[in-house]
1. Using alpha carbons only, how many angstrom separate the centre of the range 206-252 from the centre of the range 104-133?
2. In nm, to one decimal, how far is the residue 79 label point from the residue 118 one, both placed 7 Å along Cα→Cβ?
3. Given the Cα-Cα distance of residue 162 and residue 87 and 0.36 nm per residue of separation, how much length would full extension add, in nm?
4. With the chain treated as a Gaussian network of Cα nodes joined by springs under 10 Å, which of 188, 202, 107 yields the largest mean-square fluctuation?
5. Would you mind ranking 239, 123 so that the residue whose beta carbon has the fewest other beta carbons within 10 Å leads the list?
6. Can you give the extra length, in nm with one decimal, that the chain gains between residue 219 and residue 185 once fully stretched, where that is 0.36 nm per residue apart less the Cα-Cα distance?
7. Please identify, among 36, 143, 96, the residue showing maximal mean-square fluctuation in a Gaussian network model of the chain using a 10 angstrom Cα cutoff.
8. From the P(r) of the chain, could you give the percentage of C-alpha pairs in the tail past 32 Å?
């Protein structure tokens, strides 16, 4: 009998800051398990809760190294419970991505603004606080709303367009940056938790709420969805790629 060793990692995606509203409530009690090749399924369970009104979405992954980077999504493993059987012998590292989500229009969206601090390959996204540095950027960066880390839990992070367009990827596996048409058709998305943005000079403003789209307009500009937070008016606008705004991901 060939032995299959399974090491379990069960948590929110490491590159996402864990917020107070999102709590993992169930994890496997044993972090290392041994199973036979093609043998009885090893049952794993994870669960979590998100903000009020959200529904947790699950995706299990496996890897041959102790890292979520370049991990492979397990086909049809989108429930809180995984019955894992492998036709290969070896050591596998398993983890589950738990993302609170809501339905807007005909699509499934994250219920919170994005707050990743690494690209999908593990490279860090630079944190830029300085106004002058932000104003001269032509590469990806993020910042805290109003340069205040305490606001991340309710607002997420602010990114320039270069960060979301980086080939290393910023949207977690299974999710995407929405297009203009997708975010315009997201009926029910009020945008109240995306208050504030950073302009191309690096200054912060709380009067409006912006969300990036994946659509480029020109070499220096791209399309955003804008909410006027004082009256709820919505429109699609063009702005400089250096602007720092929120990102809300849509399920693939």
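Quick note: the coordinates plus some simple rules give every number you see, no bench work behind them. Quick caveat: nothing in here was measured; it's all calculated off a predicted structure. For neighbour counting, all protein chains shown are included, and Cβ atoms are generated from backbone atoms with ideal geometry for every residue, glycine included.
1. 14 Å
2. Going by the 7 Å Cα→Cβ label model, 3.1 nm.
3. Going from the current span to full extension adds 22.8 nm.
4. Largest GNM mean-square fluctuation: 188.
5. Taking fewest neighbouring Cβ atoms as first place, the list is 123, 239.
6. Answer, rounded to one decimal: 9.6 nm.
7. 36
8. Of all Cα-Cα pairs in the chain, 26 percent lie more than 32 Å apart.
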